[in-house]
Every structure is written in C-alpha cells, then in structure tokens.
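J.: Handing you this structure, nothing more for now.
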Amino acid sequence: CPDSPPFPLNSHPDRDTDSVSYRWTRFGSRLTSGIWPRTDLPGHGRAPLPMADGTALYTELRVPQDAKPAQIKAAFMKLARVHHPDRPGGNCEKFQKIREAYEILKDPQKKAIYDTVGRGAGSQHVQMFMRTSRTQASATSSGVNMFSRHSHVKFDRSVRRDGPWNKRRGRDMRHHLQIRLSEFYNGGLRKLKLNKHKVCSECNGHGGNVRAAQPCMQCQGLGHVLIQQGLEFSRGTCPSCFGKKIRFAKNACCSKCNGKGALPVQKILEVRIQKGAAVGTQIRFPKEAEQKPGELPGDVVVVLGERAHKFFRRDGIHLRMKKKITLIEALSGFEFTIRHLDNRLLHVKSEPGRVYQPGDIRAIKEEGMPVCGYPFANGNLYIEVVVKIPTKVPEQVLQTLTKLVGRPQKLDIPSDAQEVELTGFNAEEEKKREAQFRKNPICSNEDEKHVNQRDHGKSQCQTQ
C-alpha cells in the first residue's frame, strides 16, 4: 500500500525507538517522516515547569498579589529605609531579599512569569519561557507561520522590499541643557520645547499625487545642485524639489503641506533629572528628531550641563567650597552658617584647640552630592580654609604677638650682599612696558649679533 510506511511506526533501522517517535503526514502523494521528541520518557523533551510556590515575594514586600507597580515601589522604598546596610541597624541579608523580590515584581513580564511558574523555577525555565513568549509574539505580529519550514524566506523577501529596513535613519538632534547645581542635587523636571518637521499624513511625504509627478528640471532629477561660493563649489539640496527629485503641478500638489511633504510641528519634551546625575549625562528621546520623507526619524539627545554656583563646586560625588577667615579666627576658632542646596541651613563649628593654616581642607561627612542609583548614599562636603592676613599691624598688636610667638630669627648676611627692597607693582603697566620694549628696540638683531661676536672674540683672546 503506498499510504503505509515501509516499517512500523515505532521502529526504524537507524533510530533509537526509546528517544524518538515518528509521525507520518501526507503531502500530495509523498510520505515524509518527521522526528518529534518524546516528552513521556524521562530525560527526553522539555521538562514540565514547576508549580508556583505561593506568595513568597509578595510576603517579602508586604503587598497583596494584585498590588500595582506604584504600591510595590512604595513598599520597597519603605522597607529599604529600614534594612539598608548603610542605615543604623540595617540588615544586608534582609535587604538583598527584598531587593530581589522588587526586581521581579516591578517588571510586569517577570511578575507574570512568577505568578505562573513560581519561585521554584530555575533560571533555565524562566529564560526559556520568556524567549518562547517573545518569539511567538513577534512571529504572530509579523504574520509568520512558525511551523512552516520555508515561510521565513518568503517573509524576509516581502519585508525587505516594502518594510522600514530599507529606509535611511535621519540624524540625531543634540541639545545642551544648562541646569543649576541644586537641580543635580534635588532632581527635577525640565520641559523642552522642540520645533521640528513631521511627514505629511495626507500625501505620505510625497508632496502630491504621485501619478502626476514630473522630474525636477532644476536638478535634472538628482535632488541636489552645485552651489558656488567664491571660487569653490559645494553640493546642496535642490531648492525647487527639496531633494525629492520630482515636482508637481499646482493642481496636483498636496493642499495640506503645499508640496513640501512635511509640516512644522511643536512638541514638549519632559526631561527628568535624577538625583546625583553626572555632568554630561545624555537623556535620549527615541524617534523625536526631524523627520524627512523617505527617512526614519532620529533621536533627540539632551546633554546635561552645569551652571556655576556661588559657593559650591562639584567634584564627582563630593562638593567643595572655600571659607575665608581672619587671622584671629584661625588661631582661636570660628563658626559660620551656610545654606545648602536643599535649602537646609548648616551650622559649622571649627575643631576646638586647632590652629588652621592657609589651605587647610576639612570635611563634613555625607553632605556632598547624592550618589545616582543609591538613594541613601552621599558624598562629602570639603571646606578649604582661606586665612586673610592683615596688610598692616599696629605696634601694640605686634608687641603682643611677639610675646606670644617670639621674634623672628635673625639671618647672618654676608658683607658682599646687595640690599634690595620689595615694592608693589601694577601688572597692566608692566605688560605695557614690556610691549613697548618689543615694539621699539634700541638696536636690531644684526647689531646684537655683532656685539655678541665682538664680546666672544675678546673673551677668546683673553683666554689665549
């Protein structure tokens, strides 16, 4: 019989009957065998997924199973403030457990896997489940038959002909946003107004009726023209067809975009600044850049810059500042107040019994910048002491200081030393004086060479 297999279904001369089973299907008049893994034998096929082990992760975070993402995050932050290792009485092991629970429950896909598989499932099962789900979802949305042997060939050909893979990606738009140091410290939200062009939805970027299109006469259908700038030529976009290589008659132009293929639009982008974000951080908004016909829109990239602060200067995760004190404060101690970046008033006291030298740097622990990604960690605030030395000292004060610290040590001066005096000077006048010397020299370079040669000859004669 042509419809029956040449050997029994569960036997094959070249195959092990314990590991595979055969299913016979008919394609026309041909019989082909397909090898299918057996799942009823141990060690063969896909292992069944373990059942869920209850509500262990929900118990860790103390939230119900139907909790929303906002509730899960709030519960995690509340427990993290108590059990974080950097907090007094924190428990590292407990914090690790609630962090692992939060990492799973905050992600809707991982949460769904946990509710289905449970915590007892190994990473292999979870990864296999996620990979299979993504493959099936992408194949279903793309119209691909996953069980057809050659369907991917037809799918690739049709997509590469008409899909977005052939479109060229447009340029990214970069915007440098200067923000205050307090916004880096506290975090914040900035709104950015963006003016751009969007492809016309009426004509899909063509500019009119494609059937009535004609080649552009100015660029000869090239889309670009040569522009003369002095003696040089450069290539530029054709001003007649705007680079589309075709033109439309007035009655065939799109009434919405007037034949340009794009419309000017405005959009408000919300730039969220994290606490402790670094200078130069790039915040990317995908596909929000300028859109041109026949191109995929690029991204808008916002680069964070920092404005100079009156008192503080940022140094990584630390803050630095300078404090001017008098000579008597350097000897006897000082105290002052300063308004921090979060509007707190700090009362700073000097260390008792310490004499501060010019340039001394002292630290206030955990009063620096927040560490991005670590909600309970801060850098230090470093204060550099600048001692103001008085310009004149009264005689009575000088005598008192002499009694306290003693007189300066006298120096043995040789008899051939020339005595000079220290005086003040004006830097601008000295620069003008130097420029005058260079502008009007008394002798030229040739005269200097002649004088040098003459002096050199004299020295040689005297040596001989």
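Just so it is clear, none of the values below were taken in a lab; they were calculated from the coordinates. This one's a predicted model, so the numbers in the text were calculated from it and none came from an experiment. With ideal geometry, Cβ positions are generated from the backbone for all residues, glycine too; neighbour counts draw on all protein chains shown.
J.: Expressed as a rounded percentage, what relative contact order does region 270-329 have, with Cα pairs under 8 Å and six or more residues apart?
T.: Answer for region 270-329 is 25 percent.
J.: How are the alpha carbon pair distances in region 189-346 distributed across 10 Å bins from zero to the largest one, expressed in percent?
T.: 9, 22, 19, 16, 12, 10, 7, 4, 2, 0
J.: Here is a follow-up. Consider a paramagnetic label point 7 Å from the Cα of Asp360 along Cα→Cβ; state which residues of region 314-341 have an amide N under 16 Å from it.
T.: 322-336, by backbone N distance to the label point.
J.: Would you be so kind as to identify which of Val265, Leu331, Leu341 lies farthest towards the positive end of the dipole of region 207-352, taking Lys and Arg as +1 and Asp and Glu as -1 on Cβ and the Cα centre as origin?
T.: It is Val265.
J.: Whose amide H sits under 5 Å from the amide H of His224, counting only residues 5 or more places off or on another chain, with H placed in the peptide plane?
T.: Cys238
J.: While we're on this one: By average Cβ neighbour count within 10 Å, what is the ranking of 317-323, 414-420 from highest down?
T.: My ranking of the peptides, most packed first, is 317-323, 414-420.
J.: In addition: So the label point goes 7 Å from the Cα of Leu189 along Cα→C-beta, right? Which residues of region 251-272 then have their backbone N under 15 Å from it?
T.: 268-272
J.: Kindly write out, for region 217-233 in residue order, the coupling ³J(HN,Hα) from the Karplus curve 6.51 cos²θ - 1.76 cosθ + 1.60 (θ = phi - 60°), rounded to whole Hz, with x marking Gly and Pro.
T.: Each residue's phi maps through the Karplus curve to give 7, 6, 9, 6, x, 8, x, 9, 10, 8, 10, 8, 10, x, 9, 10, 10 Hz.
J.: Next question. Using per-residue counts of other Cβ atoms within 10 Å, averaged over each peptide, order 402-413, 280-291, 344-355 from highest down. Write down the numbers at each step before the final one.
T.: Values: 402-413: 7.3, 280-291: 15.2, 344-355: 10.2.
Going from most to least packed, we get 280-291, 344-355, 402-413.
J.: Please list, in order along region 431-439, the HN-Hα scalar couplings obtained from phi with the Karplus expression 6.51 cos²θ - 1.76 cosθ + 1.60 (θ = phi - 60°), rounded to whole Hz, x for Gly and Pro.
T.: So the J values, rounded to whole Hz, are 5, 5, 5, 5, 5, 5, 5, 6, 6.
J.: Can you run phi through the Karplus equation (6.51, -1.76, 1.60; θ = phi - 60°) for region 371-384 and list ³J(HN,Hα) in whole Hz, with x for Gly and Pro?
T.: Result, ordered by residue: 8, 5, x, 10, x, 10, 10, 9, x, 10, 9, 9, 10, 9 Hz.
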